[in-house]
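Everything below concerns the one structure shown next.
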Amino acid sequence: MLDVRRMQVLRAVVTSGSVTAAATDLGYTPSAISQQVAALEKQVGLALLERVGRGVRPTAAGRLLTEHAAVIGGQVAEAEAALADLRAGRTGRLAIRYFATAGATLVAPALARFRREHPGVQVDLKMTDPEDPLGEVTQGRADLAVVVRPHDRLHEGVHLVHLLDDPYRAVLPRGHRLTAKRVLDLTDLAGEPWVGSEGPGPCLDAMLEGCAAAGFSPRFVVESEDYATAQGFVAAGLGISLIPEMGLANRHPAVVVRKVRRPEPLRVIQAAVRETSLGQSALGGLLSALGDAATR
């Protein structure tokens, strides 16, 4: 394979008209320039320069390689400019995954700010509910995913950034005896029929772990994996439920919401990022936007 660096040395000699001038332009000694040209001639098996008075001129082979060197030099310059734009966050592409309740609260305002600050970056945005979007990052299909912290699991190649803690709230039908209390102990709900609001995964794990810490396991009489549907079942009097605060943006008019304590179950919302993507300026801008959205 032809040595591209030596081709650029040849080009400098041809365009400047002499070995000495090329050495001055490139910051080398004339001897070093001559050695590079000689090595290239040996590689191609043809003479590339011929002497003319005090200078040199290219042979046919020298002109051919000089023309290709100019094209290669232009392409390298374009690549360097493109890398500079990518490094600065002016261009590029980010694949982002999220779960439903994080969409309106976190992702929407963060993405609106990100697009204002990085208009040249393409965003591949997809919701993965009911799947846990963490797998999209671990398998290399996404640069960032908004996830619920995985319990007792470390994932090689993934960096987690804390965004916010999302506490679970008790959701009761209007007229329920427990609505008289402003704050409920989690054990107050132990003997109640429960309406499930979570499918299997880290969200359900967080809720069940809170109940286990309070000394009981909930008795589910209705299963639902949708917060709005779960509120409908509660409103109909079929049971009580625990729903995270982010999932209660649209409350059913026939339910009452109360804080719980001792303990207060919560799900930890984090941004999972591929460690190989951390150096991207655009990704840093998105993390900053998500962090600001989480504090509002």
- Note on the structure: Residues of the stretch 248-296 being open to solvent by 70 Å² or more (accessible area, probe 1.4 Å), in contact with a strand residue (DSSP E or B) (Cβ under 8 Å, 6 or more places away or on another chain) and under 30 Å from Ala190 (Cα atoms), in sequence order, are Arg251, Lys259, Arg261, Arg262, Glu264
- Tell me, please, whether a residue that is surrounded by fewer than 13 Cβ atoms within 10 Å (Cβ to Cβ) and over 20 Å from Ala249 (Cα atoms) can be found in the stretch 96-107. no
- Which members of the stretch 183-205 meet the condition of being open to solvent by less than 10 Å² (accessible area, probe 1.4 Å) and farther than 11 Å from Ser241 by Cα? Leu184, Leu186
- Note on the structure: Residues of the stretch 1-26 being among the polar types (S, T, N, Q) and either open to solvent by 60 Å² or more (accessible area, probe 1.4 Å) or not in a helix (DSSP H, G or I) (or both), in sequence order, are Thr15, Ser18, Thr20, Thr24
- Query: Out of all the residues in the stretch 67-121, which are among the basic types (Lys, Arg), at pLDDT below 85 and not in a helix (DSSP H, G or I)?
  - Reply: Arg90
- Task: Assess whether Leu160 counts as being closer than 30 Å to Val195 by Cβ and either at pLDDT below 95 or open to solvent by less than 60 Å² (accessible area, probe 1.4 Å) (or both).
- Result: no
- Message: Which condition from (1) surrounded by fewer than 17 Cβ atoms within 10 Å (Cβ to Cβ); (2) at pLDDT 85 or above; (3) not in a helix (DSSP H, G or I) is the one that Asp152 breaks?
- Response: (2)
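The values are calculated or read from the model by the stated rules, or taken from the named source; none is laboratory data. Bear in mind the structure is a predicted one, so any value in this text is a computation, not a measurement. All Cβ positions, even for glycine, are placed from backbone atoms using ideal geometry, and neighbour counts span all protein chains on display. In case anyone asks, the SASA skips ligands and DNA or RNA and just uses the protein heavy atoms, side chains included. Shrake-Rupley method; radii C 1.70, N 1.55, O 1.52, S 1.80 Å.
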